[in-house]
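Trainee: Below is a structure I'd like to ask you about.
Rule-based calculations on the coordinates, nothing more; no lab input. Everything numeric in this text was worked out from a predicted model, so none of it was measured. Glycine also receives a Cβ, built like all others from the backbone with ideal geometry; neighbour counts cover every protein chain displayed.
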Ligand code: GRF
């Protein structure tokens, strides 16, 4: 299976995924990294790890559809079977969804359906829940609403700060995402 990662920022999840491909813990090939943010640190990680990468911004296009059509064209040129979102901070539109039905996966830093949206960790911390976690799901037309593939809980202790909770969540993400992608790439993209 040929996999592409879409990311907007730091790229720590991208890095653990790329390393898992290198160690053959995930079957198939990581063929491409795309970022919608030309200054994103994830692009430097891709360069260092030898993963072909590309970046362009939606601002360069007259519409979201035109942006996604260009992105789709690049995904097709790379013969991508599975799209992995790793901190990609945009809502996937109809153009990509229709071309990759149930073949786009995302990681979200809360136990969905609780705390969807941009600030899953902070929203859970501020609410005062005692348990939050990480969700991996396929993308549908909603925001963080697609069918859930895997979840793992993270306890919030009295002594936790927002920063320590972020660290705990990221530690779980960095183990869980490669594990789940290993299973997905074994089963095939249409059997999630
Ligand atoms: C992760 O917490 C992920 O759950 C969320 O965005 C963050 C990306 O972090 N969707 P990184 O760029 O992989 O370091």
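Trainee: Using the Cα gyration tensor of region 107-183, with a ≥ b ≥ c the square roots of its eigenvalues, what is the shape: rounded (a/c below 1.5), prolate (a/b larger than b/c) or oblate (neither)?
Mentor: Here region 107-183 falls in the oblate category.
Trainee: Of the listed peptides 155-165, 24-34, what is their order by residue-averaged count of other C-beta atoms within 10 Å, with the highest listed first?
Mentor: Top of the packing list down: 24-34, 155-165.
Trainee: Rounded, prolate or oblate: which fits region 1-82 when a ≥ b ≥ c are the square roots of the eigenvalues of the alpha-carbon gyration tensor, with rounded for a/c under 1.5 and prolate only if a/b beats b/c?
Mentor: Judged from the Cα gyration tensor, region 1-82 comes out oblate (a/c at least 1.5, b/c at or above a/b).
Trainee: Sticking with this one: With each label point set 7 Å from Cα along the Cα-Cβ vector, what nm distance links residue 64 and residue 76?
Mentor: Those two pseudo-labels are separated by 2.1 nm.
Trainee: Run lengths n ≥ 4 of DSSP H only: what is the helix-derived mean residue ellipticity at 222 nm for the chain, with -39500 (n - 2.57) per run over all residues, to the nearest 500?
Mentor: Here the helix-only value at 222 nm equals -12000 deg cm²/dmol.
Trainee: With a ≥ b ≥ c taken as the square roots of the eigenvalues of the C-alpha gyration tensor of the chain, please select rounded if a/c is under 1.5 and otherwise prolate if a/b is larger than b/c or oblate if it is not?
Mentor: It is prolate, given that a/c is not under 1.5 and a/b is the larger ratio.
Trainee: Then there's this: Using Cα pairs under 8 angstrom and six or more residues apart, how large is the relative contact order of the chain, in percent?
Mentor: 22
Trainee: Tell me the relative contact order for region 1-47 as a rounded percent, counting alpha carbon contacts under 8 Å between residues six or more apart.
Mentor: Contact order relative to length: 53 percent.
Trainee: Quick one: length gained pulling residue 2 to residue 145 fully straight, 0.36 nm per residue minus the C-alpha distance?
Mentor: Once the chain is fully extended between residue 2 and residue 145, it gains 49.0 nm.
Trainee: Set the Förster radius R0 to 45 Å, insert the Cβ-Cβ distance between residue 44 and residue 159 as r into 1/(1 + (r/R0)^6), and round the FRET efficiency to 0.05.
Mentor: With a Förster radius of 45 Å, E is 0.85.
Trainee: Roughly what % antiparallel, to the nearest 5, for the DSSP beta bridges in the chain?
Mentor: Counting DSSP beta bridges with both partners in the chain, the antiparallel share is about 40 percent.
Trainee: Restricting to region 70-150, what percent of DSSP beta bridges are antiparallel, rounded to 5?
Mentor: 65
Trainee: Considering Cα pairs under 8 angstrom that are at least six residues apart, work out the relative contact order of region 45-145 and quote it in whole percent.
Mentor: Relative contact order, region 45-145: 24 percent.
Trainee: Could you tell me how many degrees, from 0 to 90 and to the nearest 10, lie between the Cα long axis of helix 64-77 and the main elongation axis, the longest principal axis, of the Cα atoms of the chain?
Mentor: 70
Trainee: Quick one: helix 162-187 against the long Cα principal axis of the chain, what's the angle to the nearest 10°, folded into 0 to 90?
Mentor: 50
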